[in-house]
Amino acid sequence: MENQILPKRPYVVIAPFPFQGHISPMLQLATALHSRGFSIIIAHTIFNSPTPSNHPDFTFLPIPDNLPDHPDTSIEKRLDLVKTINTNCQEPLRESLAQFITQGDGNDRVACIIYDTIMYCSEAVAHHFKIPCINFRTVPASVALLYDSLPMLAAQGHIPYPNSKLEDLVPGFPALRFKDISTSDLGSFKDVLEDRIFTNASSKYSANIWNTVDHLEQTELTLFQKRYPLPFFSVGPLHMIAPSSSTSLREADSTCISWLDKQAPHSVIYVSVGSLAVLEKKVIHEMAWGLANSKQPFLWVIRTDLASESECNLLPDEFIQSVGERGCIVKWAPQSEVLAHSAVGGFWSHCGWNSTLESLSQGVPMICQPCNGDQYINARYLSHVWKLGLHFENALEKEPIKQAILRLMVDQEGKELRQNAIRMKENIRVSVSKGGSSYESMNALAELILSY
Ligand code: UDX
């Protein structure tokens with residue numbers, strides 16, 4: 001009998017936005033889809049290009065982005081960068097894909113484009129080729145729901161809001177205060193309301209993929225689903241679904257793992273504000289002395305671009321001498337490995353959504369110190385809804401910092417948060433295991449793509 005030739009599964013095009021916190025979950029999604037038999041094309045900008053050798057099974061399609069070598073990623077310029085990338089990449093993405101399709105042997109079918117919400121130029125390209133597109137959300141449902149409600153809140157006269165309302169709850173959002181709607185990276189509210197990035201204005205996509213977990217955001221997912229009745233798939237945390245895929249744009253310093261090996265269980269506070277946040281030198285000094293005075297062991301990520309002022313010796317010599325072996329400082333950490341290490345007892349974080357999911361998956365409670373955008377909402381949910389972290393809202397000065405570290409690492413309050421975090425870790429483990437909500441949702445997504 002002749003060997004039966006199984007039908008080849010189609011290609012899925014993945015179009016990430018070129019920031020670390022956006023590239024990682026999309027590469028993880030690509031890995032999960034590849035393991036379900038799909039061929040993968042990563043359509044990526046030249047700026048912050050992922051490393052093809054880390055993913056030998058994928059086809060990489062570089063999209064000329066016409067950006068300078070070092071584009072301005074500062075919070076003030078971030079919206080402009082999003083718009084520029086979308087304007088510059090639409091035509092090159094269409095051309096590259098057309099070339100890929102014509103060069104194939106005729107059996108290479110592209111089933112759909114899965115694109116980051118803020119890589120929205122992909123929609124027009126998908127429509128050009130008459131293939132479906134699926135919107136991938138790098139933020140939690142709670143954040144998308146709030147952004148989507150901004151026009152309504154404006155029409156009802158709730159925003160812009162006066163300073164006297166900062167502490168008031170946002171109507172329809174029982175967990176959020178007006179001050180949790182960060183305007184720092186949104187520009188003026190007028191810009192926001194006119195901008196499709198923060199609303200769900202497009203109806204051109206055929207499904208939503210969320211890097212979240214059903215039991216974490218059941219209410220928000222249901223509300224969003226009612227508003228936009230499209231198929232949706234909550235498949236997170238994606239780093240748990242595709243744990244082996246290496247997605248970092250920077251080289252991690254693994255020496256911190258041997259340092260962690262020498263520390264007592266749950267004794268270390270891990271400190272990182274993610275891949276983009278920039279802090280003033282005086283804030284970094286206050287953090288340093290807060291850490292030193294707490295007398296707790298710490299692992300601190302100080303990226304080369306963390307400080308707003310470039311400086312050779314960012315940290316004072318007296319601080320380095322005073323902490324000695326009790327502190328470990330790296331330019332970039334293997335974060336997932338760090339959070340999984342038994343020595344780590346707390347995470348002082350900016351509450352980026354990936355960092356949040358990585359911490360929850362390992363049962364590590366947090367000090368939540370948001371820096372901008374969605375992080376304020378994540379911090380509020382972590383502290384007031386899920387009860388997995390302390391919301392640090394004091395002035396960034398050494399004494400309140402020391403107190404917050406002690407509350408998390410030493411006090412009864414921290415022990416209770418750790419218990420909650422350990423329960424969350426178990427819930428997440430169940431969700432990503434066979435039969436769990438995220439695992440089954442990933443299978444359902446694969447079925448949908450196959451049906452195209
Ligand atoms: C930003 C937003 O804050 C976030 O909420 C949004 O959804 C994506 O963009 P970012 O500042 O990059 O993200 O934070 P985060 O989402 O936490 O992503 C950072 C990633 O870098 C994480 O996956 C983390 O594991 C990784 N990282 C960070 C390292 O691998 N090593 C480090 O030293 C620091």
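Flag: ASN443 matches the condition of being surrounded by fewer than 23 Cβ atoms within 10 Å (Cβ to Cβ) and modelled with pLDDT of 95 or more.
Suppose the filter is farther than 30 Å from LEU450 by Cα and part of a helix (DSSP H, G or I); does LEU145 pass it? Spelling it out, it is not the case that LEU145 is farther than 30 Å from LEU450 by Cα and part of a helix (DSSP H, G or I). Output the number of residues of the range 84-107 satisfying the condition of being free of Cβ contacts under 8 Å to residues at least 40 places away in the same chain and of a type outside the set (Val, Ile, Thr). Residues flagged as free of Cβ contacts under 8 Å to residues at least 40 places away in the same chain and of a type outside the set (Val, Ile, Thr) within the range 84-107 amount to 13. Limited to the range 117-150, what total is found for residues that are within 13 Å of VAL13 (Cα to Cα) and either of a type in the set (Asp, Glu) or within 16 Å of the ligand (Cβ to nearest atom) (or both)? Number of matching residues: 4.
Conditions tested, residue by residue: (1) at pLDDT 95 or above; (2) within 12 Å of the ligand (Cβ to nearest atom); (3) among the hydrophobic types (A, V, I, L, M, F, W, C).
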position	(1), (2), (3)
TRP332	yes, yes, yes
ALA340	yes, yes, yes
ALA343	yes, no, yes
CYS351	yes, yes, yes
SER355	yes, yes, no
ASN378	yes, yes, no
VAL385	yes, no, yes
PRO400	yes, no, no
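Consider LEU230 carefully, then state whether it is surrounded by fewer than 22 Cβ atoms within 10 Å (Cβ to Cβ), in contact with a Phe, Trp or Tyr (Cβ under 8 Å, 6 or more places away or on another chain) and aliphatic (A, V, I, L, M). Here the answer is yes, as LEU230 does meet what is asked.
Within the range 365-375, the set of residues being touching a Ser or Thr at 6+ places or on another chain (Cβ under 6 Å) and at pLDDT 95 or above comprises MET366, CYS368. Residues considered: ARG36, ARG94, ARG78. Of these, the only one that is at pLDDT below 95 and surrounded by 17 or more Cβ atoms within 10 Å (Cβ to Cβ) is ARG78. Taking the range 254-310 as the range and being of a type in the set (Lys, Arg) and at pLDDT below 95 as the test, the residues that pass are LYS281, LYS282. Applying the selection to the range 1-33, what residues are of a type in the set (Val, Ile, Thr) and either modelled with pLDDT under 95 or within 14 Å of the ligand (Cβ to nearest atom) (or both)? If the condition is that a residue be of a type in the set (Val, Ile, Thr) and either modelled with pLDDT under 95 or within 14 Å of the ligand (Cβ to nearest atom) (or both), then ILE5, ILE23 are the ones that fit. On the given criteria, is LEU238 surrounded by 22 or more Cβ atoms within 10 Å (Cβ to Cβ), modelled with pLDDT of 95 or more and more than 19 Å from HIS350 (Cβ to Cβ)? Judged against the criteria, LEU238 is a match. For the range 156-215, filtered to residues that are in a helix (DSSP H, G or I) and at pLDDT 65 or above, the residue that is farthest from the chain's Cα centre (by Cα) is SER164. Please identify the pairs in which a residue from the range 242-260 that is within 16 Å of VAL301 (Cβ to Cβ) has its Cβ atom under 9 Å from the Cβ atom of a residue that is of a type in the set (Phe, Trp, Tyr) and assigned to a loop (DSSP other than H, G, I, E, B), counting only partners at least 6 apart or on another chain. The qualifying pairs are SER248/TRP332; LEU249/PHE19; ARG250/TRP332; GLU251/TRP332; ALA252/TRP332; ASP253/TRP332. For the range 126-142, the set of residues classified as among the hydroxyl-bearing types (Ser, Thr, Tyr) and part of a helix (DSSP H, G or I) consists of SER142 only. For the residues ARG423, ARG429, ARG418, the requirement of being crowded, with 16+ Cβ neighbours inside 10 Å and of a type in the set (D, E, K, R) singles out ARG418.
The values are calculated or read from the model by the stated rules, or taken from the named source; none is laboratory data. Everything numeric here is computed off the predicted structure, so don't read it as measured data. No Cβ is skipped: glycine too gets one built from the backbone with ideal geometry, and neighbour counts run over all protein chains shown.
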